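*Asks:* Once you've had a glance at the structure underneath, I'll fire off some questions.
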Ligand SMILES: [Zn+2]
């Protein structure tokens, strides 16, 4: 399982389904956060 963490405040933004335990970084305070999750999920699908 991949965990998406805000690179600025370490808040857990969400999770994506990947085989390895991986940490991804995003930004919780910006609307791009959701886009980051979609983009990452699209890459592993
Ligand atoms: Zn944040």
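Just so it is clear, none of the values below were taken in a lab; they were calculated from the coordinates. All figures in this text were calculated on a predicted structure; none of them were measured in a lab. Because the Cβ atoms are built from the backbone with ideal geometry, glycine has one as well, and the counts that use them run over all protein chains shown.
*Asks:* Quick one: P(r) of the chain from all Cα-Cα pairs, 10 Å bins, percents rounded to integers, in order of increasing distance.
*Replies:* Percent of pairs per bin, in order: 33, 57, 10.
*Asks:* Would you please put 15-25, 1-11 in order of how densely packed they are, using the mean number of other Cβ atoms within 10 angstrom per residue and starting with the highest?
*Replies:* 1-11, 15-25
*Asks:* In nm, give the distance between the simple-model label positions of residue 45 and residue 27, each being 7 Å from the Cα along the Cα-to-Cβ direction.
*Replies:* The answer from the label model is 2.5 nm.
*Asks:* Let me ask something additional. Would you mind computing, in nm to one decimal, how far apart the modelled labels at residue 19 and residue 1 are, each placed 7 Å from Cα along Cα→Cβ?
*Replies:* 1.9 nm
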